[in-house]
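In what follows, a structure is listed as structure tokens, so that the remarks can point back to it.
The values are calculated or read from the model by the stated rules, or taken from the named source; none is laboratory data. On a predicted model such as this, the values are computed, not experimentally measured, just so you know. Every residue, glycine among them, receives a Cβ derived from its backbone with ideal geometry; neighbour counts consider all protein chains shown. Protein only, heavy atoms only, side chains kept; ligands, DNA and RNA dropped before computing areas. Shrake-Rupley method; radii C 1.70, N 1.55, O 1.52, S 1.80 Å.
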Amino acid sequence: MLLITCPYCGARPESEFRCGGEAHIARPPQPGNVDDTAWADYLFYRTNPKGVHAERWLHAHGCQRWFNMLRDTASDQVIGIYAMGKSRPDRPKT
Amino acid sequence: MHRFSLRTLLAEALIGHEGWERQWRSPEPKSAYDAVIVGGGGHGLATAYYLAKEHGLTEIAVLEKGWIGGGNTGRNTTIIRSNYLYEESAAIYEHAVRLWEGLSRELNYNVMFSQRGVMMLAHNVHDVQSLKRHVYANRLNGIDNEWLSAEQAKAFCPPLNISPHMRYPVIGASLQRRGGVARHDAVAWGYARGADAMGVDIIQNCEVLGFMRGPDGSVTGVETSKGPIRTPRVGVVAAGHTSVIMARAGLRMPLESFPLQALVSEPVKPVFPCVVMSNTIHAYISQSDRGELVIGAGTDQYVSYSQQGGMHIATHTLEAICELFPQFSRLRMLRNWGGIVDVTPDRSPIIGLTPIPGLYVNCGWGTGGFKATPGSGHVFAHTIAKGEPHPINAPFALDRFRTGRLIDEAAAAAVAH
């Protein structure tokens, strides 16, 4: 079980949290204007890396707030936690 | 190939079993092949076997990063069944079950396929409706499945607790009598031995690092840890690592990889006659021929390649097992482990072409790939040899995520299958 540090509540066991999947997947602003390939990419295609993964977590049985987490999927080591809406701290700002 | 028979067994007994040869060679890779299979699990080895046997290709290499059958082939709970809801799924899993039924003879290798019956439990009204719907749908597709009352379920599986005082009482079950289990390692070894005898090179400890591409973008070979290999056809059958391999060809996939756990108890005398699954309280259990109870747990909720899951996931399943079979509550668990399963959004596999000519993929079997091994290899071999899918795997194209023609077994099964 992961030990996850909620930015609002502190370190808590993973069973209090729900993983919301890959972070930073933006819904196309005009879904009617994108083709099927772009829509499929948004809905279904994922990076699924063996290495650093940015993902969303919800402190479901706690403060009920969302946050982002960087985690190494090869070792399950949590690397960092940052607020929703912020860009990945391990990538240069674009 | 040294065929196994009573005659060869007796002949070997007379000379102290000194004459058995290695079951497959361990060759160095050649510089070029007609086809390269990436991944030496059951599905990859079966693909190579049927490519050689039914499509006449002999210059085939199976490249395996570790050792054959060391991934999910050696980590699953060996359950085999074909009682899937949708026609497309029923067709491919039933294709596999029919191949399972003749596989030991086909391979001259005892894969210990035992059709001891797979029983799925219903604990509430919704389960009853859902399982009965499966029974009827299966029958329409020519697949055996029947409905049992709780008493009939207990008669079929005497250890089952059908007390009405359970937290989630058993109120009925569906039973596929042709379902069962097989010996997982023997499946990999049998296909490896059969493929090797037809000239397929099985190359272990050989990781694919990249793909060579021609001017038109098509695949012309693979870069490996043992040097470059030229080939016009590459079939990727890498299970949990499919996204990693495909990223080396510049492709994203509709996959996420999760740890799936299983565990075995200490060995005991034969106590468990069949396979029992409960989707609602999430447990599945059978007994191996060594006497261990083989128990399957669920997936963790996050993407991981660590081949280990959280203890709370296994605990959850063991709680369900102890409720269904209270007499097992004092058994000790010997080992638990995880495998990395590649899960698609609709929980159905992807078998077919990719946007890159010459590159084929067989993945997304998620939590239920072992049962499909022979059928998956059979139709994937056809796909690679002909350059177009077999009618059975045509609906499982990668393109379905663009067209929206999903095969939504996720909705049909609701949990791991």
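With +1 on each Lys and Arg Cβ and -1 on each Asp and Glu Cβ, how big is the dipole of chain A about its Cα centre, in debye rounded to the nearest 20?
320 debye
Please check: in the Gaussian network model of chain B (C-alpha springs, under 10 Å), which one of B:TYR360, B:TYR136, B:TYR84 has the largest mean-square fluctuation.
The residue that fluctuates most here is B:TYR136.
Give me the summed buried accessible area for the B-A pair, 1.4 Å probe, to the nearest 100 Å².
Buried area (both sides, nearest 100 Å²): 2200 Å².
Grab the DSSP H runs of chain A that are 4 residues or longer, score each as -39,500 (n - 2.57), total them, divide by all residues and round the 222 nm result to the nearest 500 deg cm²/dmol.
-2500 deg cm²/dmol
With everything on Cα atoms, drop me the angle between helix B:373-386 and the longest principal axis of chain B, reported from 0 to 90° to the nearest 10.
It is inclined by approximately 30 degrees.
Whole-Hz Karplus ³J(HN,Hα) for segment A:44-51, in order, using 6.51 cos²θ - 1.76 cosθ + 1.60 and θ = phi - 60°, x for Gly and Pro?
Those phi angles translate into 10, 7, 9, 6, 6, x, 9, x Hz.
Given B:THR220, A:ILE81, B:TRP147, which one lies farthest toward the positive end of the charge dipole of the protein assembly as shown, if we put +1 on the Cβ of every Lys and Arg and -1 on the Cβ of every Asp and Glu?
Of the options given, the answer is A:ILE81.
Answer rounded, prolate or oblate for segment B:5-100, using the Cα gyration tensor with square roots of eigenvalues a ≥ b ≥ c: rounded when a/c is under 1.5, else prolate when a/b is larger than b/c, else oblate.
oblate
Apply the Karplus curve 6.51 cos²θ - 1.76 cosθ + 1.60, θ = phi - 60°, to the phi angles in segment B:263-278 and return the couplings in whole Hz, x for Gly and Pro.
In residue order, the calculated couplings are 8, 10, 8, 4, x, 9, 4, x, 10, 9, x, 8, 10, 10, 10, 10 Hz.
Ranked by accessible surface with a 1.4 Å probe, highest first, in what order do B:ARG400, B:ARG167 come?
From most exposed to least exposed: B:ARG167, B:ARG400.
How large is ³J(HN,Hα), in whole Hz, for each residue of segment B:60-71 in order, when computed from phi with the Karplus curve 6.51 cos²θ - 1.76 cosθ + 1.60 and θ = phi - 60°, using x for Gly and Pro?
10, 10, 10, 9, 10, 5, x, 10, 5, x, x, x
Ignoring everything except DSSP H segments at least 4 long, calculate the 222 nm mean residue ellipticity for chain B; use -39,500 (n - 2.57) per segment, divide by total residues, nearest 500.
Computed ellipticity for chain B at 222 nm equals -8500 deg cm²/dmol.
Using only Cα atoms and rounding to the nearest 10 degrees, what angle (0 to 90) does helix B:87-101 make with the longest principal axis of chain B?
The two axes meet at around 80 degrees.
Write down the percent of antiparallel bridges among all DSSP beta bridges whose residues are both part of the protein assembly as shown, to the nearest 5.
Approximately 80 percent, going by the DSSP bridge assignments.
Heavy atoms of the protein only, probe of 1.4 Å, neighbouring chains included. What is the accessible area of A:ARG88 in Å², nearest 10?
40 Å²
Going by the alpha-carbon gyration tensor, a ≥ b ≥ c the square roots of its eigenvalues, is segment B:354-393 rounded (a/c under 1.5) or, if a/c is not under 1.5, prolate (a/b greater than b/c) versus oblate?
oblate
Show which aspartates and glutamates lie in cross-link reach of B:LYS53 when reach means a straight Cα distance below 15 angstrom and same-chain residues fewer than eight apart are skipped.
Reachable aspartates and glutamates: B:ASP34, B:GLU106, B:ASP196, B:ASP201.
Each label point is 7 Å from the Cα along the Cα-to-Cβ direction; what then is the distance between the points at B:MET333 and B:SER26, in nm?
Using points 7 Å along Cα→Cβ, the separation is 3.4 nm.
In debye, nearest 20: dipole of chain B around its Cα centre with unit charges on the Cβ of K, R (+) and D, E (-)?
In debye, rounded to 20, chain B gives about 320.
Using modelled backbone amide H atoms (1.01 Å from N, in-plane), which distant-in-sequence or interchain residues come within less than 5 Å of B:SER257's amide H?
Amide H neighbours of B:SER257: B:SER304, B:VAL343.
Give me the percent of accessible area attributable to carbon and sulfur for segment B:205-285, probe 1.4 angstrom.
C and S atoms contribute 55 percent here.
What does the charge count around A:HIS61 come to, taking other residues whose C-beta lies under 11 Å from its C-beta (Lys +1, Arg +1, Asp -1, Glu -1)?
Result for the neighbourhood of A:HIS61: 0.
Run the numbers for B:TYR168 and B:MET1: contour at 0.36 nm per residue of separation, minus the present Cα-Cα distance, in nm.
Using 0.36 nm per residue and subtracting the Cα-Cα distance, I get 54.8 nm.
Just B:LEU318, B:LEU45, B:LEU14 to compare: in a GNM of chain B, with alpha carbon springs under 10 Å, which one fluctuates most?
Answer for the Gaussian network model of chain B: B:LEU14.
What ranking do A:25-36, B:64-75, B:249-260 get when scored by the average of other Cβ atoms within 10 Å per residue, highest first?
Final packing ranking: B:249-260, B:64-75, A:25-36.
Tell me, how many Å apart are the Cα centres for segment B:11-54 and for segment B:128-194?
34 Å
Restricting attention to chain A, give the cysteines that have no other cysteine Cβ less than 4.7 angstrom from their Cβ.
Cys with no partner Cβ under 4.7 Å: A:CYS19, A:CYS63.
Return the average number of partner chain Cβ atoms within 10 angstrom of each residue Cβ along peptide B:298-308.
6
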